[in-house]
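See below for the structure under consideration.
The values are calculated or read from the model by the stated rules, or taken from the named source; none is laboratory data. Treat the numbers as computed from the prediction; the structure is a model and nothing was measured. Cβ atoms come from the backbone with ideal geometry, glycine included; neighbour counts cover every protein chain shown. In case anyone asks, the SASA skips ligands and DNA or RNA and just uses the protein heavy atoms, side chains included. Shrake-Rupley method; radii C 1.70, N 1.55, O 1.52, S 1.80 Å.
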Amino acid sequence: MSQEHAFKAGFETRAIHAGYEPDEMTGAVIPPIYATSTYKQDGVGGLRGGYEYSRSANPTRTALEGALAAVEEGERGFAFASGLAAEDALIRALTRPGDHAVIPDDAYGGTFRLFDKVARPWGLEHSPAPVGDVDAVRAAIVPGRTKLVWIETPTNPMLTIGDIEVLAAVAHEAGALLVVDNTFASPYLQQPLTLGADLVVHSTTKYVGGHSDVVGGAVVVRDHEVAERIGFHQNSMGAVAGPFDAFLTHRGLKTLGVRMDRHCDNAEKVVDFLVGHPQVSEVIYPGLEEHAGHALAARQMRRFGGIVSFRVTGGEQQALQVCARAEVFTLGESLGGVESLIEHPGRMTHASVAGTDLEVPADLVRLSVGIETADDLLADLDRALGGSGRE
Ligand SMILES: Cc1ncc(COP(=O)(O)O)c(C=O)c1O
């Protein structure tokens, strides 16, 4: 399929066809893994297709980067060694010591650590603000110094929803760029660049890769000049996705749409089961009408995602026990793979924010609902909670 057609096609067609056309010589339908560090030149400077050295560009990565740009409807995509490598490149490409950023007050722990323990000593200050409160985000901006307004929506693990369109306007009024970490929603459920955001970041380790077999990150950019700066830093700092990782991530991306629909179906069933369970005091899911961001999520997302957080009546001990007892839900960090995962954010993914404004409740459990048989997931949760939740 020609790239001109692929980029204008529907989501699943873009995910499958954008970024690569069957190889001229062999007709290979899938981008080969170009395990090469360098490329033969046809005379000095005579590059074939612009390939010179694999930190700068590698055809397996190029294919993935094209597909990422297409599914996010951006100008260019960049693939990195991890989500945090992508975030680091973005921060250093677009800010200077003395600048300031606004970050979510319940950011992913590693993102907070990057801002607090790496970027701040380097000279970039930050202020946390709740992404669901536009006035609070506006108030956190330091006029003249804020260069990035950084949001996650839904946030991790409290699943707060931020209004991308409104926050883009707030950032732009202040001369800042809006960055959306789109890891939780995935490009299938939400396309921030079409709502006014300037950059999207992903931990492609999660839904984009989708099979818990590769760590990776991405930045997708709307504007040409910003893309040039990210591209320059990607090459200069060098935290690129290798060809094997790019291949796996690209393979995952092709099935993102069907996987996300099943993640959402199963998450909705899990939510129905947990609501009203005697051992559960609160279920947090943007698909619930009582969720503060429900109407907004219904507007800016296709569906409500595969992550469900809940609080238990028995405090931290019970939350830890539920995590330990679950069997189909594997106890582990990360999310977005085909298998269901369970974790205790306070002791695991969010341990680095303990004692700060970003601390999460001790009785909170986070689920990444996978695509197994839904009944098996419900039975597992019931057993882990000590029973009595099923008729
Ligand atoms: C929302 C979010 N952003 C970024 C990251 C960091 O990505 P990575 O682990 O691929 O470096 C994670 C990892 O869990 C995440 O959940």
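Side notes on the structure shown:
- Ordering GLY332, PHE247, ALA384 by the projection of their Cα atoms onto the charge dipole of the stretch 240-391, which places +1 on the Cβ of Lys and Arg and -1 on the Cβ of Asp and Glu, puts PHE247 at the extreme positive end.
- Solvent-accessible area per residue, Å², over the stretch 266-373 with all protein chains present [probe radius 1.4 Å]: 41 Å²
- Cα gyration tensor, the stretch 274-384 - rounded (a/c under 1.5), prolate or oblate: rounded
- Scattering curve values for the stretch 295-347, log₁₀ I(q)/I(0), Debye with Cα scatterers, q = 0.19, 0.30 Å⁻¹: -0.74, -1.21
- Looking at the stretch 23-75, the GluC sites (Glu not before Pro) that sit in a DSSP loop and have at most 10 other Cβ atoms within 10 Å of their own Cβ are GLU24.
- Global geometry of the stretch 1-102, whether rounded, prolate or oblate, following the gyration tensor of its Cα atoms and the 1.5 cut on a/c: oblate
- For the stretch 175-317: rounded, prolate or oblate by the Cα gyration tensor [a/c cutoff 1.5]: prolate
- Apportionment of accessible area to carbon and sulfur, the stretch 1-153, percent (1.4 Å): 54 percent
- Distance between the pseudo-spin-label points of ASP261 and ALA239 (7 Å out from Cα toward the beta carbon): 3.6 nm.
- Average accessible surface area per residue within the stretch 161-211, 1.4 Å rolling probe, Å²: 21 Å²
- In degrees, nearest ten, helix 256-274 long axis to first principal axis of the chain (Cα): 10 degrees
- Summing Cβ point charges (Lys, Arg +1; Asp, Glu -1) relative to the Cα centre of the stretch 115-208 gives a dipole of roughly 320 debye.
- GLU165/GLU228 FRET efficiency (R0 41 Å; Cβ-Cβ; nearest 0.05): 0.95
- Cβ-based charge dipole, the stretch 1-146, positive-most Cα from ALA85, VAL102, VAL137: ALA85
- Its residue count N fixes a reference of 2.2 N^0.38 Å for the chain, and the Cα radius of gyration divided by that reference is 0.99.
- Of all accessible heavy-atom area on the stretch 198-335, the percent that carbon and sulfur account for (1.4 Å): 50 percent
- Compared with the dominant Cα axis of the chain, that is its longest principal axis, helix 164-173 is turned about 60°.
- Per residue, the accessible area of the stretch 1-62 comes to 64 Å² when a 1.4 Å probe rolls over the protein heavy atoms.
- The average projected area of the stretch 200-262, computed from the convex hull of its Cα atoms over all directions, is 4.7 nm².
- The stretch 65-119, relative contact order [Cα under 8 Å, separation at least 6], %: 26 percent
- Net length gained if the chain between GLU327 and VAL118 were fully extended (0.36 nm per residue, minus Cα distance): 71.5 nm
- Theoretical gain in end-to-end length, HIS211 to GLU75 [0.36 nm per residue, Cα-Cα removed]: 46.3 nm
- Taking the C-alpha atoms only, the angle from helix 315-325 to the longest principal axis of the chain is near 70 degrees.
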